[in-house]
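Take a look at the structure below.
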Amino acid sequence: MKQSTWIHLRFPFSFFLMPVFLFALGVVPEPVGWQVALVFFILHFLVYPASNGYNSYYDKDEESIGGVENPPPVSPELWRVSILMDVVAVGLSLFIDLYFALAVLVYGLISKAYSYDKIRLKKYPFISWITIGVFQGAFTFWMIYWGVDAEPTWASLSEGKVAMAALLSTVMLLGSYPMTQVYQHSEDSKRGDKTLSLILGVRGTFLFTNLVFGGVAAAYFFYFWHYQSLYWAVGFELALLPVLIYFFSWFYKVWFDERAANFKSTMMLNLISAICLNLYFLSYYLLRV
């Protein structure tokens, strides 16, 4: 396999998507060990990298993309490998059950529509924003819940504790996703892709994220207080503290010089956020009552 193919699959980027998996794991009443391991492998080593590779093939970025500062040229091999990985993912998902396999198939198709040149949801700012928020958030949360639970039922997905957690996952992504586009305005403009961040502008993207995350932080506080304890509610806010410190210090620089909204700073925010949330949700899964 070509080195460029490995680079565009962006396996390390799956770490940034792991909070949804760990949050769902913490909400499931009876997760089954082998199913947890299989679902984790399918999503983080097959589905997410396949989506990265497929979208990279159609984007053909020349400037920095998520997780890769200097992307190499893509090749037809990248397209073939990404499709093969999706096929393997659906096949392995059948060991969970048919419904989980169908969910994996749907996720793969939606993620491809994001960059596929005949559809390219990425051209439509609000449709792409909502699509990413729903499918990487609530849809993925419910998919994971179904895949790892010992006895999943349709009714369990609509229970207050589960439904609200899924909704919070979507709202979190709706707030954070424009920040992942803030350094790509030049590249997106050249391709004619009108992302939400491009419409908001650099400063507007920061203001938007700040506004949404204020509500998100309050909603998560209420969730953990209501379903666990004040201890877990306060713990979530403390877990976000390093993220907020970095965000506002970066925002201050960007306000006076928009060139500070660059690839390295964006990836640092993603990394700090992923580390803090992954540690919190892992602790929640291991220590919940």
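The values are calculated or read from the model by the stated rules, or taken from the named source; none is laboratory data. Remember, it's a predicted structure, so these values are computed and weren't measured experimentally. Positions of Cβ are backbone-derived with ideal geometry, glycine not excepted, and every protein chain shown enters the neighbour counts.
Run down 91, 147, 137 and say which single residue is under 16 Å from the mean Cα position of the chain (by Cα) and assigned to a helix (DSSP H, G or I).
Unique residue meeting the criteria: 137.
Step by step: first the residues of region 45-82, then only those that are acidic (Asp, Glu) and either modelled with pLDDT of 95 or more or part of a helix (DSSP H, G or I) (or both), then the one that is surrounded by the fewest Cβ atoms within 10 Å (Cβ to Cβ). Which residue is that?
Of everything passing the filter in region 45-82, 77 is surrounded by the fewest Cβ atoms within 10 Å (Cβ to Cβ).
Does region 242-261 contain any residue that is more than 30 Å from residue 123 (Cβ to Cβ), out of contact with any Lys or Arg (no Cβ under 6 Å at 6 or more places or on another chain), assigned to a helix (DSSP H, G or I) and charged (D, E, K, R)?
The answer is yes; a qualifying residue exists.
Among the numbered conditions (1) crowded, with 18+ Cβ neighbours inside 10 Å; (2) assigned to a loop (DSSP other than H, G, I, E, B), tell me where residue 35 comes up short.
(2)
Restricting attention to region 94-132, report how many residues are over 13 Å from residue 42 (Cβ atoms), in a helix (DSSP H, G or I) and of a type in the set (Gly, Ala, Ser).
Qualifying residue count, region 94-132: 3.
For region 111-118, does any single residue satisfy the condition of being modelled with pLDDT of 95 or more, closer than 28 Å to residue 164 by Cα and surrounded by fewer than 19 Cβ atoms within 10 Å (Cβ to Cβ)?
no
Among the residues of region 1-13, write down those that are crowded, with 21+ Cβ neighbours inside 10 Å and either free of Cβ contacts under 8 Å to residues at least 60 places away in the same chain or more than 21 Å from residue 65 (Cα to Cα) (or both).
Scanning region 1-13 gives a single hit, 10.
Looking for something farther than 30 Å from residue 61 by Cα and of a type in the set (S, T, N, Q) - is there at least one such residue anywhere in region 158-179?
yes
Which residues, taken from region 251-267, are among the aliphatic types (A, V, I, L, M) and closer than 13 Å to residue 66 by Cβ?
Within region 251-267, just 267 meets the criteria.
Regarding residue 155, is this residue surrounded by 19 or more Cβ atoms within 10 Å (Cβ to Cβ), without any contact (Cβ under 8 Å) to a residue 60 or more places away in the chain, of a type in the set (A, V, I, L, M, F, W, C) and more than 26 Å from residue 262 (Cβ to Cβ)?
For residue 155, the condition - surrounded by 19 or more Cβ atoms within 10 Å (Cβ to Cβ), without any contact (Cβ under 8 Å) to a residue 60 or more places away in the chain, of a type in the set (A, V, I, L, M, F, W, C) and more than 26 Å from residue 262 (Cβ to Cβ) - is not met.
Pairs needed: first member in region 77-98, touching a residue at least 40 places away in the same chain (Cβ under 8 Å) and of a type in the set (D, E, K, R); second member anywhere, in a helix (DSSP H, G or I) and buried (at least 19 other Cβ atoms within 10 Å of the Cβ); C-beta distance under 6 Å; at least 6 residues apart or different chains.
Hits for this filter: 77/5; 86/50; 86/108.
Go through region 175-210 and give me each residue that's touching a residue at least 24 places away in the same chain (Cβ under 8 Å) and among the aliphatic types (A, V, I, L, M).
179, 182, 196, 198, 199, 202
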